[in-house]
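Data block below; observations after.
The values are calculated or read from the model by the stated rules, or taken from the named source; none is laboratory data. These figures come from a predicted structure and were not determined experimentally. Neighbour counts run over all protein chains shown; Cβ positions are idealised from the backbone, glycine included. Remember, those area values only see protein heavy atoms, side chains included, never the ligands or the DNA or RNA. Shrake-Rupley method; radii C 1.70, N 1.55, O 1.52, S 1.80 Å.
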Amino acid sequence: MSAESTPEPGIPEEPGTTGPRHRAKGRRRRTSGKRKGLLIAAWTAAGIVVLGGTGAGYLYFKLNNNLKSVDIDQALGTDRPTKVDNGSENILVLGSDTRSGSNKKLGGGADDGSARSDTAMIVHVYEGHKKASVVSIPRDTLVDRPECTDSDGTVHDAASGVMFNSAYSTGGASCAVKTVESLSGIRMDHYLEVDFSGFQKLIDELGGVKVTTTKSISDSESHLNLKAGTHTLTGKQALGLVRTRHGVGDGSDLGRIQLQQAFMKALIDQIKSVDLFDSPKKLYNLANTATKAVTTDSDLGSVNKLMSFAGGLKGIGSKNMTMVTMPVQYDPQDGNRVLVDEAKAKLVWKALENDRAIPKSATEGTATGQADGVVSAS
């Protein structure tokens, strides 16, 4: 997806230099601490990059080499939903919890090189790029995963009644996109992914994110211990908050999504409040961290393209962003899993396809967590 275009900057200078239904076996809901979601931090990364795009502040080629990209279009071919030409954009944002490298000590678990997409959000940017809707997809949703081809060209068989996040662990980004498009019937224009360590570093580089909690949150598995009150979260604390599942509420993935969405709004407000232009060094550090943190589709796989894309999003604040969870109901055969509420979900997908607001009726009577209102922006 290319957001409203902005002029591409020249190559700036680095500060301080003079040069240019198989049923997946379930875990008990309150004991799943080692693989937790990350949120939409890739959106943050894009925002940080564009903030540095209007003036000098970093070395273009170094930042360009930081970026990783995946050719989604080549992997998926032409068997995809048709792009709706109404000025809107759809982005699939995934939080990746690879168990290798620097993520191992952050997320726990075996260093087996595997990864899951425990946080998935469809970000729909409306025509005019002044507002957006975000639809979170619970990782515990049982879906029919379509046959898909990964970025190496390996074909993966379709599977029925498997957890949504198995799509990413099976075939990576392209299979995750294919599964989301199969669920929604909507084409994903772009893909953004961020991992544990990248998320934590981004928050620290921003100087933390200020939130208020109405209840104490204590979760040894996500390394979080917050008393009720106002906090400026460090990267480690922020990661713990978006990962926590049984630290507050009913211990469900749906409750965790409520925390993630609240934190996301606080994060967006924080980015908008930071005056990066007072410190070229801080601006460079943020851009360097952001470009190392994200993986994009190949259409966004350069700094100039990512900056141009993000430039079309910078007018969207938390107040003109609607956040919902994909309509689901608990699986009567397994309370640790959820099933798509097809009738309600159709209202969501139809609204996005037609670039309209998601109706309140789409989420009425669906399964929800019990963490709503626990976290808010300060």
Fill in: Residue under evaluation GLN270, criteria (1) closer than 27 Å to ALA167 by Cβ; (2) of a type in the set (S, T, N, Q); (3) part of a helix (DSSP H, G or I), criterion not met
(1)
Fill in: Residue identified as part of a helix (DSSP H, G or I), open to solvent by less than 20 Å² (accessible area, probe 1.4 Å) and β-branched (Val, Ile, Thr) among THR291, THR296
THR291
Worksheet, complete the sentence: Considering residues that are at pLDDT 95 or above, among the aliphatic types (A, V, I, L, M) and not in a helix (DSSP H, G or I), the number found within the range 342-373 is 3
Worksheet item: Scanning the range 313-341 for residues that are under 30 Å from LEU300 (Cα atoms), touching a helix residue (DSSP H, G or I) at 6+ places or on another chain (Cβ under 9 Å) and at pLDDT below 95, which turns out surrounded by the fewest Cβ atoms within 10 Å (Cβ to Cβ)?
Response: LYS319
Response to the item:
Of the residues in the range 154-203, those that are modelled with pLDDT of 95 or more, part of a helix (DSSP H, G or I), surrounded by fewer than 24 Cβ atoms within 10 Å (Cβ to Cβ) and of a type in the set (D, E, K, R) number 1
Item to complete: Return the residue satisfying two criteria in turn: it lies in the range 342-364 and is open to solvent by 30 Å² or more (accessible area, probe 1.4 Å) and of a type in the set (A, V, I, L, M, F, W, C), and of such residues it is nearest to the chain's Cα centre (by Cα).
Response: ALA357
Worksheet item: For ALA371, are the conditions met, namely being within 19 Å of GLY185 (Cβ to Cβ) and touching a Leu at 6+ places or on another chain (Cβ under 6 Å)?
Response: no
Practice prompt. Give the range 204-244 a look and list any residue that's in a helix (DSSP H, G or I) and open to solvent by 80 Å² or more (accessible area, probe 1.4 Å), or say none.
Written response: ASP204, LYS236
Worksheet, complete the sentence: Sole miss for TYR126 among (1) farther than 19 Å from ASP71 by Cα; (2) among the aromatic types (Phe, Trp, Tyr); (3) within 13 Å of the chain's Cα centre (by Cα) is condition (3)
Discussion item. Which count do you get for residues in the range 140-153 that are surrounded by fewer than 22 Cβ atoms within 10 Å (Cβ to Cβ) and in a loop (DSSP other than H, G, I, E, B)?
Written reply: 6
Fill in: Pair list, Cβ < 7 Å and 6+ apart or interchain, from the range 250-262 residues that are over 13 Å from LEU239 (Cα atoms) to residues that are part of a helix (DSSP H, G or I) and open to solvent by 10 Å² or more (accessible area, probe 1.4 Å)
GLY251/ARG29; GLY251/ARG30; SER252/ARG29
